[in-house]
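Scroll down for the structure; my scribbles are underneath it.
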Amino acid sequence: MKTELEYRAGSALYTHRLGVLLGQAVDQGDVVVLCGPLGSGKTVFVKGLAQGLGADTSQVHSPSFSLLHVYSGRVPLYHFDLYRLDSSDELLDLGFDEYLFEGDGVAAVEWGDKFAEMMPEQALWVRFFGVDDASDERRIRLSGAGCDVRRVLERLRCALAENEGGWV
Ligand SMILES: Nc1ncnc2c1ncn2[C@@H]1O[C@H](COP(=O)(O)OP(=O)(O)OP(=O)(O)O)[C@@H](O)[C@H]1O
Ligand SMILES: [Mg+2]
């Protein structure tokens with residue numbers, strides 16, 4: 001069964017805060033796939049995610065040229081950016097499968113939709129909309145199938161209700 005949560009982030013600060021709450025809700029082995037146009041807020045969200053995991057966020061930026069950055073928090077965060085990647089072979093060479101499927105940490109994959117068939121079935125998808133508008137508002141839709149996603153989104157709903165009540 002698919003579970004879904006939609007959040008309206010009025011500014012980058014709210015996107016970041018949603019990331020922080022997600023970082024507090026995820027567990028070892030969880031995979032977060034981020035998609036949306038250039039500049040839609042994926043990296044802002046991952047910075048929040050890293051903070052929520054207790055990592056040093058000063059190092060977090062799009063790892064466009066290295067494909068992967070690792071940050072240490074309560075569990076490691078593997079931050080991938082597949083924007084410049086041309087073939088899935090490169091991804092396999094990097095050990096993508098080991099990080100995701102046998103991972104001791106949490107993975108966040110920007111532009112994961114480029115290689116959707118390589119993303120695990122139980123991944124949590126985070127989609128960004130609204131970047132075309134003149135305003136800073138983004139709609140962020142989190143969805144996925146499987147009990148891990150349900151568990152994570154349930155925690156996130158509770159945290160949002162406690163923190164701001166700002167989700168729709
Ligand atoms: N509601 C919002 N949420 C997130 N970022 C926002 C929002 N409103 C404005 N911004 C701005 O949009 C930019 C988002 O940049 P970011 O690097 O996170 O995008 P990205 O999706 O990772 O892009 P790329 O595909 O190039 O990696 C930042 O400059 C941020 O300040
Ligand atoms: Mg980015």
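The values are calculated or read from the model by the stated rules, or taken from the named source; none is laboratory data. The shown structure was predicted, so the numbers you read here are calculated from the model rather than taken from an experiment. Methodologically, a virtual Cβ is constructed for each residue, glycine included, from the backbone with ideal geometry; neighbour enumeration extends over all protein chains shown.
General remarks:
- Comparison of E154, E121, E137 shows that the only residue that is among the acidic types (D, E) and closer than 26 Å to L67 by Cα is E121.
- The one condition from (1) away from ligand 2 (no atom under 16 Å from the Cβ); (2) in a helix (DSSP H, G or I) that D104 does not meet is (2).
- Checklist (1) farther than 26 Å from E117 by Cα; (2) among the charged types (D, E, K, R); (3) touching a Leu at 6+ places or on another chain (Cβ under 8 Å) applied to D56, failing item: (3)
- Residues (more than 11 Å from the chain's Cα centre (by Cα) and away from ligand 2 (no atom under 16 Å from the Cβ)) located in the stretch 8-50: R8, G10, S11, L13, Y14, R17, L21, Q24, A25, D27, Q28, G29
- Filtered residue count, the stretch 63-105, keeping only those that are surrounded by 18 or more Cβ atoms within 10 Å (Cβ to Cβ), farther than 14 Å from D30 by Cβ and among the hydroxyl-bearing types (S, T, Y): 1
- Annotation note: Cβ proximity below 7 Å between a residue of the stretch 61-74 that is within 13 Å of F96 (Cα to Cα) and a residue that is surrounded by 17 or more Cβ atoms within 10 Å (Cβ to Cβ) and at pLDDT below 90 (sequence gap 6+ or interchain) occurs for H69/P63.
- Meeting the requirement of 2 or more residues that are within 19 Å of V131 (Cβ to Cβ), in contact with a His (Cβ under 6 Å, 6 or more places away or on another chain) and modelled with pLDDT under 90, no strands (runs of 3 or more DSSP E) wholly within the stretch 1-98 can be named.
- Filter result for Y71 (more than 12 Å from ligand 2 (Cβ to nearest atom), over 22 Å from A159 (Cα atoms) and either acidic (D, E) or touching a helix residue (DSSP H, G or I) at 6+ places or on another chain (Cβ under 7 Å) (or both)): yes
- Residue match in the stretch 158-166 (condition: under 16 Å from L18 (Cα atoms), in a loop (DSSP other than H, G, I, E, B), at pLDDT below 95 and among the charged types (D, E, K, R)): yes
- Just one of the listed residues (T43, T57) is within 14 Å of ligand 1 (Cβ to nearest atom) and either out of contact with any helix residue (DSSP H, G or I) (no Cβ under 8 Å at 6 or more places or on another chain) or under 14 Å from E110 (Cβ atoms) (or both), namely T43.
- All positions within the stretch 118-128 that are at pLDDT 95 or above and not in a loop (DSSP other than H, G, I, E, B): L124, W125, V126, R127, F128
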